[in-house]
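Engineer: Quick one: the structure is below, questions incoming.
Derivation of every value follows stated rules applied to the coordinates shown; laboratory data play no part. Quick caveat: nothing in here was measured; it's all calculated off a predicted structure. Positions of Cβ are generated from backbone atoms using ideal geometry, with glycine treated the same way; all protein chains shown enter the neighbour counts.
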Amino acid sequence: MQKLGDFKLPAFFNYPPYFSLQPVRDTREKQVQLWKELILDYCRTQKNFVIGLEEEFPLFSNPVIESKTNVLTRFN
C-alpha cells in the first residue's frame, strides 16, 4: 500500500483514470465523491484546514503512475 508520509493512500489512487475527469455521469459522480472523501480524510489526519489550489498539494499528483489530476480544475 502506497503512503504519503503516515497517510495510507487507497488502492484506487494508483488507477490512472482516477486522475482524469470521467465522461460518464455516474462514473464521474463516484470519482468526484472519492476525491472529496480522500481530500477530507487526508486534511483531517494532517490537521490541514486550508488548501491553496495554486500551490502543490500532495494528493493532486501521483509519481508512481506519473500522473497529475485535472479533475479539480472542474470540481464543483
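Engineer: Mind putting a number on the dipole of the stretch 3-74 about its Cα centre? Charges go on the C-beta only, +1 for Lys and Arg and -1 for Asp and Glu, and I need it in Debye to the nearest 20.
Structural biologist: 200 debye
Engineer: A further question on this structure: Describe numerically, in nm with one decimal, the distance between label points set 7 Å from Cα along Cα→Cβ at L21 and at T45.
Structural biologist: 2.8 nm
Engineer: In the stretch 6-55, what chymotrypsin sites (Phe, Trp or Tyr not before Pro) fall in a loop by DSSP, with at most 12 other Cβ atoms inside 10 Å?
Structural biologist: Qualifying residues, ordered by number: F49.
Engineer: Compute the angle between helix 25-46 and the longest alpha-carbon principal axis of the chain, please, reported from 0 to 90 degrees and rounded to the nearest 10.
Structural biologist: Helix 25-46 and the main axis of the chain meet at about 0 degrees.
Engineer: Non-local amide H neighbours of F7 (under 5 Å, H modeled in plane, Pro and chain starts lacking H): which ones?
Structural biologist: none
Engineer: Taking the Cα centre of the chain as the origin and placing charges on Cβ (Lys, Arg +1; Asp, Glu -1), which of T69, L21, N48 is farthest toward the positive end of the dipole?
Structural biologist: Sorting the options by dipole projection puts first L21.
Engineer: Enumerate the whole-percent occupancy of each 5 Å bin, from 0 to the last occupied one, for all C-alpha pair distances of the chain.
Structural biologist: Once binned at 5 Å, the Cα pair distances of the chain give 3, 14, 28, 27, 20, 7, 1.
Engineer: Taking the Cα atoms of the stretch 18-62, report the difference between the largest and smallest coordinate on each principal axis, in whole Å and largest first.
Structural biologist: 33, 19, 16
Engineer: With r defined as the distance between the Cβ atoms of E54 and K8 and R0 fixed at 22 Å, what FRET efficiency is calculated, to the nearest 0.05?
Structural biologist: 0.20
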